[in-house]
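**Q** Can you read through this structure? Questions will come right after.
The values are calculated or read from the model by the stated rules, or taken from the named source; none is laboratory data. Keep in mind it's a predicted model, so treat the numbers as computed, not measured. FYI the Cβ positions are ideal-geometry reconstructions off the backbone, even for glycines, and counts take in every protein chain you see. Heavy atoms of the whole protein, side chains included, go into the accessibility calculation; ligands, DNA and RNA do not. Shrake-Rupley method; radii C 1.70, N 1.55, O 1.52, S 1.80 Å.
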Amino acid sequence: MEAEKATDVSDIQNEDDLDEEPGEVIESAPPLKVGEERELGTSGLKKKLLKRGHGYETPELGDEATVHYVGTLLDGTKFESTRDRDEPLTIKLGQGRVVKGLDHGVVSMKKGEIALFTLPAELGYGVVGGGGSVVPSNAIVRFEVELVSWITVVDLSKDGGIVKKIIEKGERNEGPGDLDEVLVKYRVALVDGTVVAETPEEGIEFYVKDGHFCSALPKAIKTMKRGEKVRLIVQPQYAFGVEGRDANNGFHSVPPSSVLNIDLELVSFKPVIDVTGDAKVVKKVLKEGEGAWVANESASVTVSYVARLEDGTVFEKKGIDGEQPLEFITDEEQVIAGLDRAVATMKKGEQAILTIHPDFGFGSVEARRDLAVVPPHSNIVFEVEMLDFIREKAPWEMINHERLEAARRKKEEGNLLFKEGKYQKAGKSMIRVLTMLVKMEAIKLCSKVLDIEFHNVKALYRRAQAYMQVADLVLAELDIKKALEVDPQNREVKLIEKNLKRLQVESNKRDAKLYTNIFGRMTKKLKVEKVDNEKR
């Protein structure tokens, strides 16, 4: 591995220091056409596009870019060229290794793009001149640049202590959290190249919260995506400090005050969810389910599972080895609370391991089950698969009269439960009534505000939220569009717009399935009628 020294934190532009997203400043202008020239900002730097690049991403100051360039005066005199050496140059953007203006041009480019930049003297060689004495004082210069590639560089610790270089980007957007179990591969070396730790070929598994090797590793892993490969440069304060570390547990010794270079890959991870918020019901996802919907409360679910004690003793099976799957309605106390609560968070096809504390299991009593006895105060483990479910409609999926009818039923149900002394369940039922009715009232209040102040972004945002909750996606979309017309960069509105698009996709899928079933039945009916007519 290449030896790396401490990185100057001032050279890296932290993402948290930016109010605008990369590229946001120039998004208001149309993209350059090939052959078109435009001034970038107000510094006098001009860019002429010669060849389009790939994708949409651009590097940032602090990243390491590999470029080919040819520098010339306005009369065409060449003073520097990587083409002549047939070897591109890797530069750290923001350091001005060639000239400052070149770095600011490169951050506007896409991979594979070729552009011609015209630099005023203050962004080039200034009053001193340069380029092997070819560039005179206060000369305007041009650079024809090809962005071959770049490596994203991030200062994870905000003090230069853990610097991450992204060698290969990962999949999707989600990354692991503290509770999750990760599978990683890594190779750790000192500055002189001595390898002090390396995982087996298949990698190693551990829970992020438990830590591993040194404090920098879990910090970096939480910023990574599945499949991502990075190179970490870790200063001693995030490794083994001024004391170093003796050889132990299969790891080599690390000398005092050592900088570590770590090649790290996040192979995969299993999400772990604290279902109850107190770690008494914990779900580890083995296989992700389908779609965006979970079973939710009052859903009719069908599950298969193997239930074990902590020592591995199997005390119950459902849907396995000839046993029938278990069908029940969530939040109706038909199964132990831990299984009930966890299943309500699962998608169709999801497989998970549930670890359940006695408070959400069988408590302090002995429970005789199909295959074994569960002793009092037992922690239990379920390996469960969600085979299918039918969700109860959420309030925002109902039209108004359905919501009012559902609210009436829940109110009656709550009153009955209260009379029976089931106060906790009665409370839940009343909360559902309030949820159904509050959204309708929110729409009325926001509409009154908008009658007076039609461009009020906050009211448009709140009303769009309420419309989404009551499944009126068309009106929600109209309010979101109006809000973005007033404030195009509003992050809250942009976020709710993404959620709306997801709901629209799910709604379209349901509609397509419904129409397919209707047309299927109609086609079948027509075929039957045709056969009957032919027989006559």
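**Q** Please enumerate the residues belonging to the range 93-129 that are over 15 Å from Val145 (Cα atoms) and touching a residue at least 60 places away in the same chain (Cβ under 8 Å).
**A** Gly94, Gln95, Pro120, Glu122, Leu123
**Q** Within the set of pairs 6+ apart or on separate chains, which have a first residue in the range 438-453 that is within 14 Å of Ala483 (Cβ to Cβ), a second that is of a type in the set (A, V, I, L, M, F, W, C) and modelled with pLDDT of 80 or more, and C-beta atoms under 6 Å apart?
**A** Cys446/Ala459; Val449/Ala459; Leu450/Ala459
**Q** For the range 224-237, name all the residues that are open to solvent by 40 Å² or more (accessible area, probe 1.4 Å) and modelled with pLDDT of 95 or more.
**A** Once the filter is applied, which keeps residues that are open to solvent by 40 Å² or more (accessible area, probe 1.4 Å) and modelled with pLDDT of 95 or more, the range 224-237 yields Lys229, Arg231, Gln237.
**Q** Another question, then. Can you pull out the residues in the range 489-504 that are touching a residue at least 40 places away in the same chain (Cβ under 8 Å) and either part of a loop (DSSP other than H, G, I, E, B) or surrounded by 12 or more Cβ atoms within 10 Å (Cβ to Cβ) (or both)?
**A** Listed by number, the list holds a single entry, Gln489.
**Q** Looking at (1) touching a Phe, Trp or Tyr at 6+ places or on another chain (Cβ under 8 Å); (2) over 20 Å from Leu45 (Cβ atoms); (3) of a type outside the set (D, E, K, R), find the lone condition where Gly71 falls short.
**A** (2)
**Q** Select from the range 167-192 the residues that are in a strand (DSSP E or B) and open to solvent by 30 Å² or more (accessible area, probe 1.4 Å) and list them in ascending order.
**A** Across the range 167-192, the qualifying residues are Ile167, Glu168, Glu171, Leu183, Lys185, Arg187.
**Q** Okay, next question. Going residue by residue through the range 316-331, is there one that turns out to be of a type in the set (D, E, K, R), within 19 Å of Ala279 (Cα to Cα) and open to solvent by 30 Å² or more (accessible area, probe 1.4 Å)?
**A** Among the residues of the range 316-331, not one is of a type in the set (D, E, K, R), within 19 Å of Ala279 (Cα to Cα) and open to solvent by 30 Å² or more (accessible area, probe 1.4 Å), which makes the answer no.
**Q** I need every pair where a residue in the range 142-158 that is touching a residue at least 24 places away in the same chain (Cβ under 8 Å) and basic (Lys, Arg) has its Cβ under 8 Å from the Cβ of a residue that is surrounded by fewer than 21 Cβ atoms within 10 Å (Cβ to Cβ) and assigned to a strand (DSSP E or B), sequence separation at least 6 or different chains.
**A** The qualifying pairs are Arg142/Thr72; Arg142/Leu73; Arg142/Leu116; Arg142/Thr118.
**Q** Same structure, new question: Looking only at the range 368-383, count every residue that is in contact (Cβ under 8 Å) with a residue 40 or more places away in the chain and assigned to a strand (DSSP E or B) and tell me the total.
**A** Result for the range 368-383: 6.
**Q** Additional query: Considering only the range 352-371, state which residues are small (Gly, Ala, Ser) and either buried (at least 21 other Cβ atoms within 10 Å of the Cβ) or closer than 17 Å to Leu326 by Cβ (or both).
**A** Ala352, Gly361, Ala367
**Q** From the list Ala121, Ala197, which one is closer than 17 Å to Thr72 by Cβ, crowded, with 17+ Cβ neighbours inside 10 Å and not basic (Lys, Arg)?
**A** The conditions single out Ala121.
**Q** Here are the criteria: (1) farther than 23 Å from Val154 by Cβ; (2) crowded, with 22+ Cβ neighbours inside 10 Å. Tell me which single one Leu116 does not satisfy.
**A** Here Leu116 meets the rest and fails (2).
**Q** OK, next. Output the number of the condition that Thr199 fails; it satisfies all remaining conditions of (1) free of Cβ contacts under 8 Å to residues at least 60 places away in the same chain; (2) under 30 Å from Ser257 (Cβ atoms); (3) within 25 Å of the chain's Cα centre (by Cα).
**A** (3)
**Q** Okay, next question. Take Arg187 and tell me if it is modelled with pLDDT of 95 or more and over 28 Å from the mean Cα position of the chain (by Cα).
**A** Considered against the rule, which asks whether it is modelled with pLDDT of 95 or more and over 28 Å from the mean Cα position of the chain (by Cα), Arg187 comes out as no.
**Q** With Thr58, Thr7 as the choices, which residue is at pLDDT below 50, within 25 Å of Leu156 (Cα to Cα), surrounded by 11 or more Cβ atoms within 10 Å (Cβ to Cβ) and hydroxyl-bearing (Ser, Thr, Tyr)?
**A** From the options Thr58, Thr7, the qualifying one is Thr7.
**Q** On the basis of being hydroxyl-bearing (Ser, Thr, Tyr) and surrounded by fewer than 17 Cβ atoms within 10 Å (Cβ to Cβ), does Thr152 make the cut?
**A** yes
**Q** Here is a follow-up. Looking only at the range 118-150, which residues are within 22 Å of Pro88 (Cβ to Cβ) and not hydrophobic (A, V, I, L, M, F, W, C)?
**A** Within the range 118-150, Thr118, Gly124, Tyr125, Gly130, Gly131, Gly132, Arg142, Glu144, Glu146, Ser149 meet the criteria.
**Q** Follow-up question, since we're still on this one. Are any residues in the range 112-138 touching a Phe, Trp or Tyr at 6+ places or on another chain (Cβ under 8 Å) and at pLDDT 95 or above, and if so, which ones?
**A** Hits for the range 112-138 are Leu116, Phe117, Leu119.
**Q** While we're on this one: Please name all residue pairs, on different chains or six or more residues apart, with Cβ atoms under 7 Å, provided the first residue is in the range 228-248 and is more than 15 Å from Gly211 (Cβ to Cβ) and the second residue is assigned to a strand (DSSP E or B) and open to solvent by 40 Å² or more (accessible area, probe 1.4 Å).
**A** Glu228/Glu168; Lys229/Ile167; Lys229/Glu168; Lys229/Glu265; Val230/Ile167; Arg231/Ile167; Arg231/Asp263
**Q** Which is at pLDDT 70 or above, of a type outside the set (S, T, N, Q), open to solvent by less than 70 Å² (accessible area, probe 1.4 Å) and assigned to a helix (DSSP H, G or I), of Met436, Met386, Met468?
**A** Met468
**Q** Got a sec? Which of Gly96, Gly101 is of a type outside the set (A, V, I, L, M, F, W, C), assigned to a helix (DSSP H, G or I) and either farther than 25 Å from Glu36 by Cβ or touching a Leu at 6+ places or on another chain (Cβ under 6 Å) (or both)?
**A** Gly101
**Q** Among the candidates Phe240, Phe213, Phe206, Phe269, which residue alone is open to solvent by less than 40 Å² (accessible area, probe 1.4 Å) and closer than 28 Å to Glu506 by Cα?
**A** Going through Phe240, Phe213, Phe206, Phe269 in turn, the sole match is Phe269.
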